[in-house]
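Okay, structure first, notes after.
The values are calculated or read from the model by the stated rules, or taken from the named source; none is laboratory data. Remember, it's a predicted structure, so these values are computed and weren't measured experimentally. Cβ placement follows ideal geometry from the backbone for every residue including glycine, while neighbour counts extend to all protein chains displayed.
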Amino acid sequence: MDTQPRFISIIASADNHTFKALRRTAEGSMIKKKGTTIVAGAKLVAEAVHRIPRQCLRLIVYEGFQHTDIAQMFARQGRLIVLKKALFREIDIFNTQYALLEIRVPQISAWEMMVYRVGCTLVLPFQDPVNIGTVVRSAVAFGVEHIVLLEEAAHPFHPKSIRASSGAVFSAQFFRGPGLVTLGQHLLRHNVPVFALDMQGTPLQDIVFPRSFLLVAGCEGQGLPRDLNANRIAIPMRGPVESLNAATATALALFYWSMHTQKTA
């Protein structure tokens, strides 16, 4: 394969304005300010280019990077950024040693509960972007079509979320919801069955999910508000473990629901 064209200038200084902005983007701090984020890894970059081409802004490579078809395309369009290797390593936070893709974060609509949605609507308060990405991956795998992100939740397009989701965030449909504390008040206005993960709840195997419902995952550490009017679900455990990771518990509940849905279809 051909190496990068010589006419593309190479950023060599850490004081360069473009490099500074890219470093902040790779840290996830530009999502709210500029609406941009970084996709890292060969598979994820290719998937983003395929699934959300209009959101793709620039491809970032290092000096001497062997050109792929994607890199050549961005070079022809004048959207290729080349960094010295030492600078590239600073923004390649997952050590992929592959091109990084800067994308514009897709718009997330406000949650309208009055819209009737068949199936499971997953409600997430997770503050850890890795947990968000992990549970989105499970949700997409098990057939969840609508994911509500509460105010506390990390952004699903944080670089760590994208990577943890293995690209599932590009297929998910997200909505912006209220805060966890006020969620119960919002739910009171609508006659929708609500289930919530709670260690003190009914064992998962005894639950029969309705045709349409909300599943609220517990927030890491603090759990759920006491005033949340919901059917509480517990994941049975045998070993000497105090609790499961929130994303893991949610994945188990979604798997059970998915299997139940297939049996009754």
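Put simply, of T25, T37 the only residue that is out of contact with any Leu (no Cβ under 6 Å at 6 or more places or on another chain), modelled with pLDDT of 95 or more, within 17 Å of A154 (Cβ to Cβ) and not in a helix (DSSP H, G or I) is T37. Among A26, A48, A42, A71, which is the only one that is surrounded by fewer than 17 Cβ atoms within 10 Å (Cβ to Cβ) and of a type in the set (G, A, S)? The unique qualifying residue is A42.
Taken over region 215-265, the criterion of being modelled with pLDDT under 85 and within 26 Å of H186 (Cβ to Cβ) is satisfied by G218, C219, E220, G221, Q222, G223, L224, P225, R226, D227, T261. Of the candidates L228, L183, L197, the single residue that is part of a helix (DSSP H, G or I), surrounded by 15 or more Cβ atoms within 10 Å (Cβ to Cβ) and assigned by TED's automatic domain parsing to the domain that holds L150 is L183.
Residue pairs whose Cβ atoms lie under 8 Å apart, sitting 6 or more positions apart in sequence or on different chains, and linking a residue in region 128-145 that is under 11 Å from P156 (Cα atoms) to a partner that is among the charged types (D, E, K, R) and modelled with pLDDT of 95 or more, are P129/K160; V130/K160; G133/K160; G133/R163. Is it the case that region 188-208 has a residue that's touching a helix residue (DSSP H, G or I) at 6+ places or on another chain (Cβ under 9 Å) and over 20 Å from V135 (Cβ atoms)? Scanning region 188-208 turns up at least one residue that is touching a helix residue (DSSP H, G or I) at 6+ places or on another chain (Cβ under 9 Å) and over 20 Å from V135 (Cβ atoms).
Flag: M73 matches the condition of being among the aliphatic types (A, V, I, L, M), farther than 30 Å from L215 by Cα, in contact with a helix residue (DSSP H, G or I) (Cβ under 9 Å, 6 or more places away or on another chain) and at pLDDT below 95. One residue is enough: does region 108-131 have a residue meeting the conditions farther than 30 Å from R189 by Cα and of a type in the set (V, I, T)? The answer is yes, given that some residue of region 108-131 is farther than 30 Å from R189 by Cα and of a type in the set (V, I, T).
Screening the candidates I103, I81, I60 for the property of being touching a Phe, Trp or Tyr at 6+ places or on another chain (Cβ under 9 Å), farther than 20 Å from G167 by Cβ and modelled with pLDDT of 95 or more yields one hit, I81.
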